[in-house]
Structures are given as structure tokens and as C-alpha cells.
There are 2 protein chains.
Amino acid sequence: MAVYTEIADEELTDFIAGYDMGAVLSLKGIAEGVENSNFLLRAEAGSFILTLYEKRVNPDDLPFFIGLMQHLAARGVNCPLPVKNRAGEALGELAGRPACIVTFLDGVSVRKPGVGHCRELGVALAGLHQAADGFALSRPNALGVAGWRPLFDAAAGRADDIAPGLGARIGAALAEAEANWPRGLPTGVIHADLFTDNVFFIGPKLSGVIDFYFACNDALAYDVAICLNAWCFEADGSFNLTKGQALLAGYQSVRRLTPEEVAALPLLCRGAALRFLLTRLVDWLNVPPGVLVKPKDPLEYDRKLAFHRGVISASDYGLAA
Amino acid sequence: MAVYTEIADEELTDFIAGYDMGAVLSLKGIAEGVENSNFLLRAEAGSFILTLYEKRVNPDDLPFFIGLMQHLAARGVNCPLPVKNRAGEALGELAGRPACIVTFLDGVSVRKPGVGHCRELGVALAGLHQAADGFALSRPNALGVAGWRPLFDAAAGRADDIAPGLGARIGAALAEAEANWPRGLPTGVIHADLFTDNVFFIGPKLSGVIDFYFACNDALAYDVAICLNAWCFEADGSFNLTKGQALLAGYQSVRRLTPEEVAALPLLCRGAALRFLLTRLVDWLNVPPGVLVKPKDPLEYDRKLAFHRGVISASDYGLAA
């Protein structure tokens, strides 16, 4: 929920005049995206999303994000396609910010995904991994295992204010992840933030994937682990094995996990839970005054981590033997 | 900027199933409207705005607002048309709130209106006054002259914290308005909040008027006074006579002001400035903690009121002799 930047009339008109999309018919700030300002732009040529990149996005990363969407869209992934202006550039400047116009994707994100949604998601995730193959640019995962200890250091002293023993639980999970994090798994470009609000459906069919602003190079199976965390738990904290089966079967219908990935899945799931627990904890402890958006509950991922600690093998997530 | 209510998947699907608009293609919360939650809804039948009425709107007023839009749209005013569901009802319930779907209007609001925009606005305002004639329902103006003293009482003690002498200036203007407020002017349904963000343009042409949630029965010329305040001052506080001329000429090209309205215009302009000064002052002094939206500056209307105090007759606003 974010429209941080107001755009002056003349600036907008001048900016759009650089594109081959006719006159502006409508521009509405939309309550989507936490990092950037997003506007739904209707022009004579159709509907688009105009994004102004705010401070939390590193401008140096923009060629990676924009190039990735171009690469994926060219390979048939239903993701936003950055629109080039008359000069052939997809990245411009508006209201003093880096700015990009992308195509509008129809679809609605589901707040409570069903089994069918999870299968569709698994298929799409594997398709995304395959389509990203060959993308020329790369970007390290700033929120990978090496990035977790600095987050913990920033929050450890106050973690127990949120829940008793939370600091110790995180510390143990972090030490285990650092000691045992799997190396040598198949890597590639991962989405790294494929939560339900970044996936659109029309009826039961997945219609699009958005928000590539955490995408990076990392183990492909880590992306699967993020999705198991984000899609297969119920509101009461329980793991829905049927949804896990559907997600993993959907994924494997396109790309089979290697034996090493299968063996690593429980640890990757603990790591993924830890990553979101840590970032949510830091956000929770650092809410700026005057902010309307309520930070997401870190303890949701403390409960998920507890489930993962009891997992013995990937079959506990629903992986078919 | 407001999306106060989240809508569950099934609730939305059920709600839309009551309308003859096909499947939902997209639903995005939009940063528009301070009082309600607004969503841009794309369905197979087209684009719509879905509004959930939050606490600040009195449900008893909804038949007036919705009926007014229906009345106006039927008479050719480019305003949102409430869409009826299969049961013939335009007002429903969603996520525990009164809810209404209206047609989507193309157009962009201008932040800095030019002379041409002011003329278009004047024409549209008079057209709106004429089209509203014959509307069966009525609604008193809760923010009319009788409503100003309670606002002042709520804020008077702290007014001087905002600017020295502000309380005395408001008190004097309020006493004058109460003593001399014109009676017997032509009345009808007025928009009462026709600021630039409630008027859409496509290029130079006015394409639509939205947000009828302050509409009420009052003196038609008071609506003109509100628009002179909202459209004809520059950012530095100066009154742009050319814009005033354009607005008034546009209005009179459709509906001529009576001699009584012309004579009352300076007092009506002072009253309109006082009304927005008071509501902004109360909002400014009562910002709830945790709110992102910055309240609008009350002193903008203190400066406008100062200009109006120097006005001798309607010709000072640009009214042709």
C-alpha cells in the first residue's frame, strides 16, 4: 500500500509523450507494492502500470529487474513486460525517480489459496525457473544465508520482547543454517518473494506473476521452499499436506528436483522461514512513526519454523516418493 | 488515499456473482477518497469502481448519494453511474460494509488547473445544478453556516497554536457569516466539494465529475463560491482573476446568476473559505496517531479568507458587468 510520490500534470504529460501509447485517459495511485509507488495508467493504447522506484530499491539493480521481466516475457511467462519509449529505453525518470511502465496483467491474487492454486503455482514456479535460464545478468541474493546474521544482530536484543525465547530459537536456527547450508545445488534466477499477493489468477487458472524486485541468483529449490512456506500453511499455523503435494507435483511436472535438492528441502524450508522471520522482526521493531501500514507478524514464521523443526524428510512436505 | 477494508476472496466472488458483469479480471485498491475504501474493478463487462462505505459516511445518506448519481447520469452528466445487481439494487453489502459498484470514468484530475479548465468547470457546475433539478430526495448541508460554530468551538482554543491571531480571524468571519448569511437565494442540489481532484479531464475537455458524498441542498451560488476558492487561487495565495472570469463566464453560459446571487457572492466566498478553514483546522488538530495521510493545510484558507475580506463586489472575482 504505497503511493509515495505525487506527479505533476506537465511532468506526466511530458513523460508519456515519450512513449507510443496515445493520450493518458486515467492515472490512479494503487495500494500495491510496499517498496515503490505504483499507478494504474490507462492510455489510448491500453492499460499499464507505472512504477516510480523509491529509496528502498537500489537503482543499480534496475537493469537486472527490468531485463529479467523482458527476458521472461519473451519466453512466454505471464509477467509484466517493461514498455520501451520511443528512444528504445524501458527505464526513464519521472518526478525525480527512476520510472518504468509495464504492461497490465489481469487477474486477482487469492488470499487463501486452495489446492488447485498451489498446483498452478508449482507449475508456474518451475516454468519461471526454466524460462530464466540464459538470462545474461546476475544479482546476488542480499537476503541469502550470508545476510541473515546482520539482521539477527540488529534485532536479537529485542526479540524476546516479541515472544519469550524467540531470540534463542532464531539463534539456533541461524547457527544450523550457517553450518549446514547446502552448496552445489542447481542455481539460477529465483523470484525469492512469490507470496500470494504476487500471483494473479482468473478463476482457477494462474494468469500472471508480478513483483520481481527481490529476484536474484540462488538455489532453485530455495524458491520452492519459500513457496511451501508462503502457500501451504493454514491461518492457524498448520501445514496443509495436500497443498504441499499439489505444489511439489505441479513443480515436478515441469522440472524434476534432483536427489540433492530433495534431501536439502527441509533445511531450505527452515532457512526460508528464518529469512522471513528475520526481515519481519526487523520491520516490526523499526516501524517509523506515522506509518499506516501495519507490519506483518513475525511470529507467523516462528510458528512455521517450529513445524519445519519436526520435519524429517521432503515427504513430510508432500513430495511423492 | 485509503483502502481501509480487505475483502476475502469468496466474499468478492459472491458479491460480483450478484451482478451481470461476468468474471472478475482484476481488483486493485486505489489511493483515492479519504472517507471510503475504493477499488478499481475490472470485470468481463468493463471497468468499474467498487466503493465500501466506511464509518465517516452515514448509511442513511446513501440513498441520496446513489440516487443523485443515477438522476444526474440519466440526464447526461458525466458522473459515475451506480450499477444495479440482478435484484435491481445499486446498494449492497460487502465485507460488512455498505457497498456500491459504479461505472469507471476516464480522465485525469489536474493539480494546477489552467484558465481553460476553469471555464470547463464553470460550464459543468451549472450543468450539474440544472440536471439535479427535480431530484426527489433532499439532504441538508451538515457543513452549512449552522454547522460552523460547533467546529469552531472544537478548535478555537488551539487555533492560535497554528498561527497567531487565527482564532480571532475565524471568530470575526464566523460572526459576520452568522449575522448576514443570505437567505432566499435560489437553492438546489449542490456538489459542495468540487475540488480539482473530483473533476476529470482528457486533454482540455472535462470528462467527468466524481465524489458526490458531500452533496446536499443549499444555495447554488454557494457551490460557485466553493469552486472560486478551490480553482482560482495560485499556489502563492494570489487570486487569478482570469481564472475567476473563465469560471464565472462558463457558469453563466449555462445558468445566469440572479442579481441577488451576484450581490451575495463575496459573502458566500468568505463563507466557503471559512468552511474549509474550519474542517481543515479540526482535522489538523485531530490527526489520529499512525496515520500516513498528511492533513491539508488550514492556513491555505486563512490566506484565501484574507483575500476575500478585501473584495468589494463580484466583479473582483471576474464577473462580467
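The values are calculated or read from the model by the stated rules, or taken from the named source; none is laboratory data. A quick note: this is a predicted structure, and the numbers were derived from the prediction, not measured. Here the Cβ positions follow ideal geometry from the backbone for every residue, glycine too, while neighbour counts run over all protein chains shown. Note: areas computed on protein heavy atoms with side chains; ligands, DNA, RNA excluded. Shrake-Rupley method; radii C 1.70, N 1.55, O 1.52, S 1.80 Å.
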### Query
Which of the residues that make up the range A:267-320 are at pLDDT 90 or above, at negative phi and of a type in the set (Gly, Ala, Ser)?
A:Gly271, A:Ala272, A:Ala273, A:Ala306, A:Gly310, A:Ser313, A:Ala314, A:Ser315
### Number of the condition not met by A:Phe201 [criteria: (1) touching a residue at least 60 places away in the same chain (Cβ under 8 Å); (2) farther than 18 Å from A:Gly114 by Cβ]
(2)
### Message
Give me the strands (runs of 3 or more DSSP E) completely within the range B:19-106, filtered to those with at least 1 residues that are more than 14 Å from chain A (Cβ to nearest Cβ), ordered by residue number.
### Response
B:92-94, B:97-103
### Query
Counting only residues that are β-branched (Val, Ile, Thr) and closer than 22 Å to A:Ser37 by Cα, which one in the range B:13-36 is surrounded by the most Cβ atoms within 10 Å (Cβ to Cβ)?
B:Ile30
### Task
Return the residue satisfying two criteria in turn: it lies in the range A:157-167 and is open to solvent by 20 Å² or more (accessible area, probe 1.4 Å) and not acidic (Asp, Glu), and of such residues it is nearest to A:Pro182 (Cα to Cα).
A:Gly165
### Message
Among the numbered criteria (1) in contact (Cβ under 8 Å) with a residue 24 or more places away in the chain; (2) farther than 21 Å from B:Ser26 by Cβ; (3) not aromatic (Phe, Trp, Tyr), which one does A:Asn38 miss?
### Response
(2)
### Query
Checking A:Ile101 against (1) more than 29 Å from A:Phe233 (Cβ to Cβ); (2) in contact with a Gly (Cβ under 7 Å, 6 or more places away or on another chain), which single condition isn't satisfied?
(2)
### Task
Can you give me the number of residues within the range A:17-31 that are in contact with a Ser or Thr (Cβ under 9 Å, 6 or more places away or on another chain) and touching a residue at least 40 places away in the same chain (Cβ under 8 Å)?
0
### Query
Scanning for something surrounded by fewer than 21 Cβ atoms within 10 Å (Cβ to Cβ), of a type in the set (S, T, N, Q) and under 21 Å from B:Glu32 (Cα atoms), does the range B:205-219 turn up at least one residue?
yes
### Task
Please work out if B:Gly122 is part of a helix (DSSP H, G or I) and more than 14 Å from chain A (Cβ to nearest Cβ).
yes
### Task
Could you tell me whether the range A:171-183 includes any residue that is buried (at least 21 other Cβ atoms within 10 Å of the Cβ) and aromatic (Phe, Trp, Tyr)?
no
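Tell me which residues, restricted to the range A:189-204, are touching a strand residue (DSSP E or B) at 6+ places or on another chain (Cβ under 8 Å) and surrounded by fewer than 19 Cβ atoms within 10 Å (Cβ to Cβ).
A:Ile202
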### Message
If I ask for residues that are under 27 Å from B:Leu257 (Cα atoms) and of a type in the set (A, V, I, L, M, F, W, C), which ones from the range B:80-125 would you list?
### Response
B:Val110, B:Val115, B:Cys118, B:Leu121, B:Val123, B:Ala124, B:Leu125
### Test set (1) open to solvent by 30 Å² or more (accessible area, probe 1.4 Å); (2) within 30 Å of A:Glu11 (Cβ to Cβ) - B:Phe39 fails condition number
(1)
### Query
Inside the range A:108-130, can you point out the residues that are over 17 Å from the mean Cα position of the chain (by Cα) and crowded, with 20+ Cβ neighbours inside 10 Å?
A:Arg119
### Message
For the condition open to solvent by 10 Å² or more (accessible area, probe 1.4 Å), closer than 27 Å to B:Leu151 by Cα and either in contact (Cβ under 8 Å) with a residue 60 or more places away in the chain or of a type outside the set (Gly, Ala, Ser) (or both), what is the one hit in B:Leu285, B:Leu274, B:Leu305, B:Leu278?
### Response
B:Leu285
### Query
Among the residues of the range B:290-300, is any touching a helix residue (DSSP H, G or I) at 6+ places or on another chain (Cβ under 7 Å) and open to solvent by less than 30 Å² (accessible area, probe 1.4 Å)?
yes
### Exclusive hit being away from every other protein chain (no Cβ under 14 Å), at pLDDT below 95 and open to solvent by 50 Å² or more (accessible area, probe 1.4 Å), set A:Ala136, A:Ala154
A:Ala154
### Task
Inspect all residues belonging to the range B:2-12 and state whether any of them is of a type in the set (Asp, Glu), open to solvent by 20 Å² or more (accessible area, probe 1.4 Å), without any contact (Cβ under 8 Å) to a residue 24 or more places away in the chain and away from chain A (no Cβ under 11 Å).
no
